[in-house]
Amino acid sequence: MITPVALSPEEIALRAELRADVEKLAGEIGERNTACYGRLNAAAHFIVNSLGRAGLQPRRDTYELQRRACHNIETEIRGTRPEILLIGAHYDSVLGSPGANDNATGVAALLALARRFAARPTSKTLRFVAFVNEEPPYFLSEQMGSFVYASRCKARSDYISAMISLETIGYFSDAPHSQNYPVPGLGAFYPTVGNFIGFVSDLSSRALLRQFLVLFRRHAKIPSEGAALPSFIPGVSWSDQWSFWQYGYPGIMITDTAPFRYPHYHSAIDTPDKLDYDRFALVVSGIESALVDLAGVAR
Ligand SMILES: [Zn+2]
């Protein structure tokens with residue numbers, strides 16, 4: 001059940017980019033993780049090439065896991081200030097799934113944002129990082145790509161004032177009771193229709209959460225909800241922002257809430273045809289505008 005939304009010409013172009021990159025990752029490449037190591041590397045190769053074509057200089061930040069090289073992929077748009085806004089998305093998919101929503105959507109959004117910021121002067125530095133090995137068996141462990149990456153940031157004393165994790169952002173529904181919650185009672189305070197984009201953090205990142213949500217709502221044409229919750233509530237820590245929290249960096253997750261809404265979560269039929277590219281494009285254009293304000297990017 002889908003309500004039509006109105007897109008600007010820029011958003012129509014963005015929608016086409018997002019769809020093409022989701023189809024590449026989840027359709028053509030498909031399942032990508034260390035059990036399908038060749039396809040994991042094909043995804044890494046695609047991300048490196050995409051960033052290079054945007055005029056950026058991507059770099060593989062590599063670590064070894066069971067004698068295999070695993071690559072986080074980073075690129076930076078230097079600002080006039082050392083302060084870094086880090087936008088991240090994991091590019092692996094869970095075992096047995098092509099991972100269209102989880103998380104080809106996050107990677108497609110990351111690539112689209114990197115293209116849009118590539119040639120623009122900025123005050124704060126923008127860093128884009130595609131993370132490997134977010135899903136089990138590495139999930140919330142020291143072997144997670146983002147955990148290794150965040151530990152290296154800490155060792156170098158990188159000044160990261162915000163980590164923004166793009167996690168499963170392409171599914172929306174207007175059906176009654178299409179939105180569920182990890183804790184009974186949250187549905188009394190939040191919508192029961194899954195037509196919004198969610199912003200989630202732990203309690204210590206709540207100031208960043210509020211700041212980002214205010215900026216997003218200033219521009220975005222899609223409903224949004226924010227929740228700063230204790231990290232033990234199921235779902236709150238379930239992506240790469242968790243890794244940055246472990247090293248004291250503020251982080252938030254932007255998500256359609258994944259298992260609490262999406263019927264095909266972590267399944268073999270999490271395929272590109274399940275997504276709502278109109279509203280996915282509205283989410284990404286809203287994030288772009290919020291980042292322009294937060295980073296001080298030239299318009
Ligand atoms: Zn995910």
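Restricting attention to the stretch 170-186, which residues are more than 15 Å from the ligand (Cβ to nearest atom) and surrounded by 14 or more Cβ atoms within 10 Å (Cβ to Cβ)?
Let us first name the residues in the stretch 170-186 that are more than 15 Å from the ligand (Cβ to nearest atom), namely 172-186.
Listed by number, the residues that qualify are F172, S173, S178, Q179, N180, Y181, P182, L186.
Taking only pairs six or more apart or across chains, which ones have beta-carbon atoms under 9 Å, a first residue in the stretch 230-242 that is of a type in the set (V, I, T) and within 16 Å of the ligand (Cβ to nearest atom), and a second residue that is open to solvent by 30 Å² or more (accessible area, probe 1.4 Å) and not in a loop (DSSP other than H, G, I, E, B)?
Here the result reads V236/A228; V236/W242, each pair linking the stretch 230-242 to a residue that is open to solvent by 30 Å² or more (accessible area, probe 1.4 Å) and not in a loop (DSSP other than H, G, I, E, B).
With the stretch 32-106 as the region, which strands (runs of 3 or more DSSP E) entirely inside it contain at least 1 residues that are without any contact (Cβ under 8 Å) to a residue 60 or more places away in the chain and among the small types (G, A, S)? Let's see the steps before the verdict.
On the way: elements: 59-65, 68-77, 84-90.
Correct list: 68-77.
Every residue in the stretch 49-60 that is surrounded by fewer than 19 Cβ atoms within 10 Å (Cβ to Cβ) and under 22 Å from Q241 (Cα atoms), please.
Scanning the stretch 49-60 gives R59, R60.
Take the stretch 128-169 and flag every residue that is in contact with a strand residue (DSSP E or B) (Cβ under 8 Å, 6 or more places away or on another chain), part of a loop (DSSP other than H, G, I, E, B), over 18 Å from L40 (Cα atoms) and open to solvent by 20 Å² or more (accessible area, probe 1.4 Å).
D158, Y159
Results for (1) hydrophobic (A, V, I, L, M, F, W, C); (2) open to solvent by less than 60 Å² (accessible area, probe 1.4 Å), shown as yes or no for each residue.
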position: E23; (1), (2): no, no
position: I47; (1), (2): yes, yes
position: L85; (1), (2): yes, yes
position: N101; (1), (2): no, yes
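On the basis of being closer than 19 Å to S161 by Cβ, in a strand (DSSP E or B) and open to solvent by less than 10 Å² (accessible area, probe 1.4 Å), does L110 make the cut? Give the steps one after another, and end with the answer.
Details: closer than 19 Å to S161 by Cβ: yes; in a strand (DSSP E or B): no; open to solvent by less than 10 Å² (accessible area, probe 1.4 Å): yes.
Spelling it out, it is not the case that L110 is closer than 19 Å to S161 by Cβ, in a strand (DSSP E or B) and open to solvent by less than 10 Å² (accessible area, probe 1.4 Å).
Is it the case that some residue within the stretch 117-125 is closer than 20 Å to F244 by Cα and either away from the ligand (no atom under 16 Å from the Cβ) or touching a His at 6+ places or on another chain (Cβ under 7 Å) (or both)?
Let us first name the residues in the stretch 117-125 that are closer than 20 Å to F244 by Cα, namely 124-125.
Okay, now just the ones that are also either away from the ligand (no atom under 16 Å from the Cβ) or touching a His at 6+ places or on another chain (Cβ under 7 Å) (or both), so 124-125.
Scanning the stretch 117-125, I find at least one residue that is closer than 20 Å to F244 by Cα and either away from the ligand (no atom under 16 Å from the Cβ) or touching a His at 6+ places or on another chain (Cβ under 7 Å) (or both), so the answer is yes.
Out of curiosity, is F128 touching a residue at least 60 places away in the same chain (Cβ under 8 Å) and either under 28 Å from A35 (Cα atoms) or more than 12 Å from the ligand (Cβ to nearest atom) (or both)?
Values: touching a residue at least 60 places away in the same chain (Cβ under 8 Å): yes; either under 28 Å from A35 (Cα atoms) or more than 12 Å from the ligand (Cβ to nearest atom) (or both): yes.
The answer is yes for F128.
If I go through the stretch 187-211 residue by residue, how many of them are over 15 Å from A258 (Cβ atoms) and in contact (Cβ under 8 Å) with a residue 40 or more places away in the chain?
9
Restrict the check to the stretch 282-292 and report whether at least one residue is assigned to a loop (DSSP other than H, G, I, E, B) and more than 26 Å from F147 (Cβ to Cβ). Before you say what the answer is, go through the steps one by one.
Step one: filter the stretch 282-292 for residues assigned to a loop (DSSP other than H, G, I, E, B), giving none.
The answer is no; no qualifying residue exists.
Of everything in the stretch 274-299, what is surrounded by fewer than 20 Cβ atoms within 10 Å (Cβ to Cβ) and of a type in the set (G, A, S)? Give them in sequence order.
Across the stretch 274-299, the qualifying residues are S289, G296, A298.
Go through the stretch 188-256 and tell me which strands (runs of 3 or more DSSP E), entirely inside it, have 2 or more residues that are in contact with an Asp or Glu (Cβ under 9 Å, 6 or more places away or on another chain).
Values: elements: 197-201, 224-228, 251-255.
Hits in the stretch 188-256: 197-201, 251-255.
If a residue has to be closer than 22 Å to Y159 by Cβ and within 13 Å of the chain's Cα centre (by Cα) to count, how many in the stretch 97-126 make the cut?
3
The values are calculated or read from the model by the stated rules, or taken from the named source; none is laboratory data. Model, not experiment: these values are computed from the prediction. Cβ atoms come from the backbone with ideal geometry, glycine included; neighbour counts cover every protein chain shown. Remember, those area values only see protein heavy atoms, side chains included, never the ligands or the DNA or RNA. Shrake-Rupley method; radii C 1.70, N 1.55, O 1.52, S 1.80 Å.
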